[in-house]
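Data first, discussion second: the structure below is written as structure tokens.
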Amino acid sequence: MADPQKPIRILHITFNMGFGGTEQVIRQLVTNLNPAKFQCEIACIDGEVGAIGQTLEAEHGIKIHARQRAPGLDLKTILWLRRLIKNGNFDIVHCHQYSPYTYGWFTHWGTGARIVFTEHGRFHPDQHRKKARFINPIIAHTSHKLIAISAATRDALVEYEYLPKDKIEVIYNGIAPLTVNEEKRETLKKELGLKPEETVIGTVARLDAVKNQALMLKTTRALLDRNYNVRLLLVGDGPERGNLEALAAELELGESVIFTGFQSQPADFLSLMDIFLLPSFTEGTSMTLLEAMSLGIPTVATRVGGTPEIVADGETGVLVESDDLDEFFSGLKMLMDEPAKLDQMARQAKRRFEERFSVEKMVKQYEQCYETRVTR
């Protein structure tokens, strides 16, 4: 049992600390947990500290350890993590995503540390694995807390990972609300050539097939063909960029679509959008969706994963079926045709964010999780 007079020591195990939703959650936790009660370090098993990790080290003094694991279950990485846990006197090993969970579980035995696992999202398409049916119930039984970032993610853990539903707690992601520098915003609008009469739609995301940015391009073409004055803003980079640029050329979108590439401050670009788009094939709890809501930006999104738990359909945005061009187009058209409805949704999106998805609410739930499990 941990000494109640000493801070609880937490080692977060993850793939890396580059840009992504998981990394953002870890950043919010390590910078917002009560420092008098919790001390955090991070271990990256894919060998890369990453941009968010570098910022945490430089600006917050968070210690980050990194090692490149070998293919398969790497014994040397397990031993490396074990030394970190024992030498650092960690009370909690908080594993983010399934592979880090496996490493953390094998590592923690005999160290006195307790295992917390957070599942941040699922692959698409999800699938059953025979070995999970036998191994995961044992791992779950000997873990101290299982967390899913949405009810949909929890249900996927039950169905595909054979984890007990009654042991999984849902803790929604939370973020600090974004703020807008109006002077910087106006400068950026001029640099991108955005016009006051244009409706700016777009997203901030890795350019990846699972995010289905292709549907945004096709929808933009459909809007332009019906004389809507619209500009599509795609913020991010990734493996699908070449294919998406080729599709944009094929659709003759020209200057109607802007590929910004990777941006270290994507929130500046998000603030330019009138409508946020999220046509993903699967989602856990999208951090950029929460960021958009914090700015009062309505959303058109697919009804997948945890998104329906975040977007109140018809109140803070519009939910449509996955990969349905007609529905996605109709949702956008409705918002562009009804500016009063768009304004109302903007206000309700901001209010819903403040009530349900603040960083303070998320951190408080994790603090309770850590404290309960350490003192039990």
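Collect the residues in the range 108-121 that are without any contact (Cβ under 8 Å) to a residue 60 or more places away in the chain and either within 17 Å of Ile171 (Cβ to Cβ) or part of a helix (DSSP H, G or I) (or both), keeping them in residue-number order. Explain how you work it out, then say what you get.
From the range 108-121, those without any contact (Cβ under 8 Å) to a residue 60 or more places away in the chain are 108-112, 115, 117; that's our starting set.
Correct list: His108, Ile115, Phe117.
Within the range 310-348, the set of residues being among the charged types (D, E, K, R) and closer than 22 Å to Leu215 by Cα comprises Asp313, Glu321, Asp323, Asp324, Asp326, Glu327, Lys333, Asp337. Against the numbered list (1) surrounded by fewer than 18 Cβ atoms within 10 Å (Cβ to Cβ); (2) in contact (Cβ under 8 Å) with a residue 40 or more places away in the chain; (3) within 30 Å of Pro137 (Cβ to Cβ), Pro71 comes up short only at (2).
With the requirement that a residue be modelled with pLDDT of 95 or more, among the acidic types (Asp, Glu) and in a helix (DSSP H, G or I), what does the range 310-355 give you? Asp326, Glu327, Asp337, Asp343, listed by residue number. The set of residues from the range 194-207 being modelled with pLDDT under 95, of a type outside the set (A, V, I, L, M) and within 18 Å of Gly261 (Cβ to Cβ) comprises just one member, Arg206.
The rows are residues; the columns are (1) closer than 30 Å to Glu360 by Cα; (2) charged (D, E, K, R); (3) in contact (Cβ under 8 Å) with a residue 60 or more places away in the chain.
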{"residue": "Asp208", "(1), (2), (3)": "no, yes, no"}
{"residue": "Ala214", "(1), (2), (3)": "no, no, no"}
{"residue": "Thr219", "(1), (2), (3)": "no, no, yes"}
{"residue": "Asp225", "(1), (2), (3)": "no, yes, no"}
{"residue": "Gly236", "(1), (2), (3)": "yes, no, no"}
{"residue": "Phe259", "(1), (2), (3)": "no, no, no"}
{"residue": "Gln263", "(1), (2), (3)": "yes, no, no"}
{"residue": "Ser280", "(1), (2), (3)": "yes, no, yes"}
{"residue": "Glu291", "(1), (2), (3)": "yes, yes, yes"}
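If the requirement is being assigned by TED's automatic domain parsing to the domain that holds Leu188, modelled with pLDDT of 95 or more and either crowded, with 17+ Cβ neighbours inside 10 Å or touching a Gly at 6+ places or on another chain (Cβ under 7 Å) (or both), which of these qualifies: Glu240, Glu283, Glu250? Every option except Glu240 fails the conditions. Filtered by the rule that a residue be closer than 15 Å to Tyr101 by Cβ, within 18 Å of the chain's Cα centre (by Cα) and among the hydrophobic types (A, V, I, L, M, F, W, C), the range 147-169 gives Ile147, Ala148, Ile149, Ala156, Leu157. Counting the residues of the range 295-309 that are surrounded by fewer than 23 Cβ atoms within 10 Å (Cβ to Cβ), part of a helix (DSSP H, G or I) and of a type outside the set (Asp, Glu) gives 1.
Look at Phe123 and say whether it is surrounded by fewer than 16 Cβ atoms within 10 Å (Cβ to Cβ), under 22 Å from Val25 (Cα atoms), assigned by TED's automatic domain parsing to the domain that holds Leu29 and modelled with pLDDT under 90.
On the way: surrounded by fewer than 16 Cβ atoms within 10 Å (Cβ to Cβ): yes; under 22 Å from Val25 (Cα atoms): yes; assigned by TED's automatic domain parsing to the domain that holds Leu29: yes; modelled with pLDDT under 90: yes.
Spelling it out, Phe123 is indeed surrounded by fewer than 16 Cβ atoms within 10 Å (Cβ to Cβ), under 22 Å from Val25 (Cα atoms), assigned by TED's automatic domain parsing to the domain that holds Leu29 and modelled with pLDDT under 90.
Filter the range 291-314 down to residues that are closer than 8 Å to Ala349 by Cα and of a type in the set (Gly, Ala, Ser) and give me whichever is farthest from the chain's Cα centre (by Cα). Of everything passing the filter in the range 291-314, Gly296 is farthest from the chain's Cα centre (by Cα).
What are the residues in the range 243-289 that are part of a helix (DSSP H, G or I) and charged (D, E, K, R), if any? Before the answer, list the steps.
To start, the set of residues in the range 243-289 that are part of a helix (DSSP H, G or I) comprises 243-250, 254-256, 266-270, 287-289.
Scanning the range 243-289 gives Glu245, Glu250, Glu255, Asp268.
The residue pairs whose first member lies in the range 75-103 and is within 17 Å of Pro7 (Cα to Cα), whose second member is of a type in the set (A, V, I, L, M, F, W, C) and assigned to a loop (DSSP other than H, G, I, E, B), and whose beta carbons are closer than 7 Å, counting only pairs six or more residues apart or on different chains, are Ile85/Ala113; Phe90/Ala113; Asp91/Ala2; Asp91/Ala113; Ile92/Ala113; Val93/Ala113. When Leu81 is tested against (1) within 27 Å of Ser150 (Cα to Cα); (2) crowded, with 20+ Cβ neighbours inside 10 Å, only condition (1) is not met.
Screening Gln213 on (1) in contact with a Leu (Cβ under 7 Å, 6 or more places away or on another chain); (2) closer than 30 Å to Ala132 by Cα shows it passes everything except condition (2).
Among the numbered conditions (1) surrounded by fewer than 15 Cβ atoms within 10 Å (Cβ to Cβ); (2) within 23 Å of Pro71 (Cα to Cα), tell me where Thr142 comes up short. Every listed condition holds for Thr142 apart from (2). Inclusion of Glu57 among residues that are surrounded by fewer than 20 Cβ atoms within 10 Å (Cβ to Cβ), free of Cβ contacts under 8 Å to residues at least 24 places away in the same chain and either hydroxyl-bearing (Ser, Thr, Tyr) or touching a strand residue (DSSP E or B) at 6+ places or on another chain (Cβ under 9 Å) (or both) is warranted.
The values are calculated or read from the model by the stated rules, or taken from the named source; none is laboratory data. Note that the structure is predicted; figures quoted are calculated from it, not measured. A quick note on method: Cβ atoms are made from the backbone with ideal geometry, for glycine too, and the neighbour counts reach across all protein chains shown.
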